[in-house]
Amino acid sequence: MSRIGKMPIAIPAGVTVEIAENNKVTVKGPKGTLERVLAPELTIKQEGAEVVVTRPNDLKRIKALHGLTRTLIHNMVIGVTNGYEKVLEINGVGYRAAKQGKELTLTLGYSHPVVMVDPEGIETVLDGQNKITVKGIDKEKVGQYAAEIRAKRGPEPYKGKGIKYADEVIRRKVGKTGKK
């Protein structure tokens, strides 16, 4: 049995979960509303103040979907209550970020500034010129947008210049040595 899949999802106060046909789950909370269509093979039931996901059989695909479905619903519940955030750091001489409206302008050593527009439901907040916080209620969108920002100039292993996650550790390399 899937250890994650069989755990019930507790629904905090102020959050409503609606399960429509074809396993369309809608979660409403203080921060907003999220909806997602999940695998139709699984059974999603609301029992009191918790949601339970059950599977009909033990086929490999169904077992894989069991834990995934439970985690997706759990992430939606956390998203509408607390929200998600990822912190990115910009390292390097002359590398900086600026924010104007919904536009994030990154100066990353290219011949031109890189302009990124915040997607729907995602907000970027600058802390100084070299710390970007990506916030939102959808874990998937927050992670994806943070990854897109990081991809504009990933960290390099010699000096550590570039954009990295705040909790990321860059494996450093030793530079080349001169001839003796």
Name the residue from Gly175, Gly109, Ala151 whose Cα lies farthest towards the positive end of the charge dipole of segment 79-180, charges +1 on Cβ of Lys and Arg and -1 on Cβ of Asp and Glu. Gly175
Please give the helix 139-151 orientation as an angle from the longest Cα principal axis of the chain, in degrees from 0 to 90, rounded to the nearest 10. 20
Rounded to the nearest 10, the angle in degrees between the Cα long axis of helix 60-81 and the longest principal axis of the Cα atoms of the chain comes to 70
So for segment 31-162, taking the charge dipole from beta-carbon charges (+1 Lys/Arg, -1 Asp/Glu), which of His66, Val93, Met76 sits furthest toward the positive end? Val93
Nothing charged except the Cβ atoms of Lys and Arg (+1) and of Asp and Glu (-1): what's the magnitude of the dipole of segment 85-180 about its Cα centre? Round to the nearest 20 debye. 980
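Which pairs in the list Lys45/Lys139; Lys102/Lys131; Lys139/Lys161; Lys24/Lys135 are over 19 Å apart, alpha-carbon to alpha-carbon? Before the final figure, lay out each step's value.
Numbers: Lys45/Lys139 23 Å; Lys102/Lys131 16 Å; Lys139/Lys161 27 Å; Lys24/Lys135 25 Å.
Too far apart for the 19 Å limit: Lys45/Lys139; Lys139/Lys161; Lys24/Lys135.
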Taking the Cα centre as origin and putting +1 on Lys and Arg beta-carbons and -1 on Asp and Glu beta-carbons, what dipole magnitude results for the chain, to the nearest 20 debye? 1340
Percent accessible area from carbon and sulfur atoms, the chain, protein chains only, probe 1.4 Å: 51
Rounded to whole angstroms and listed largest first, the alpha-carbon spread of segment 1-147 along its three principal axes comes to 57, 35, 23
How far apart, in nm, are the 7 Å Cα→Cβ label points at Gln144 and Ile4? 1.9
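Based solely on its DSSP helices, what 222 nm [θ] is calculated for the chain when runs of n ≥ 4 H residues each add -39,500 (n - 2.57) and the sum is averaged over all residues, nearest 500 deg cm²/dmol? Show your work: numbers first, answer last.
Working: 2 runs with 35 residues, N = 180.
The per-residue figure over the chain is -6500 deg cm²/dmol.
Please work out the average accessible area per residue across segment 67-165, using the 1.4 Å probe convention, and give it in Å². Write out the running numbers ahead of the final one.
Values: 5080 Å² over 99 residues.
For segment 67-165, the per-residue accessible area is 51 Å².
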How far apart, in nanometres, would the label points at Ala151 and Thr133 be if each is projected 7 angstrom from Cα along the Cα-to-Cβ direction? 2.6
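With only Lys, Arg, Asp and Glu charged, each at its Cβ (+1 for the first two, -1 for the last two), find how big the charge dipole of segment 1-51 is about the Cα centre; round to the nearest 20 debye. Walk me through the numbers on the way to the answer.
Numbers: 7 positive and 6 negative charges, 40 e Å.
Using only the charged Cβ atoms, the result is roughly 200 debye.
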Could you give me the ³J(HN,Hα) list for segment 162-174, computed from phi with Karplus coefficients 6.51, -1.76, 1.60 and θ = phi - 60°, whole Hz, x at Gly and Pro? x, 9, 9, 5, 4, 9, 7, 10, 8, 6, 8, 10, 8
By the mean-Cβ-within-10 Å protection proxy, highest first, 64-76, 4-16, 85-97 rank as 64-76, 85-97, 4-16
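I'd like the FRET efficiency for Tyr165 and Glu35, computed as 1/(1 + (r/R0)^6) with the beta carbon distance as r and R0 of 35 Å, rounded to 0.05.
Numbers: r = 28 Å, r/R0 = 0.81.
E(calc), rounded to 0.05, equals 0.80.
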Counting only residues 5 or more places away or on other chains, whose amide H sits under 5 Å from the amide H of Ile137 once H atoms are built in the peptide plane? Tyr84
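The values are calculated or read from the model by the stated rules, or taken from the named source; none is laboratory data. Keep in mind that what you see is a predicted model, and the values were worked out from it rather than measured. So basically every Cβ, Gly included, is an ideal-geometry build from the backbone, and we count neighbours across all protein chains shown. In case anyone asks, the SASA skips ligands and DNA or RNA and just uses the protein heavy atoms, side chains included. Shrake-Rupley method; radii C 1.70, N 1.55, O 1.52, S 1.80 Å.
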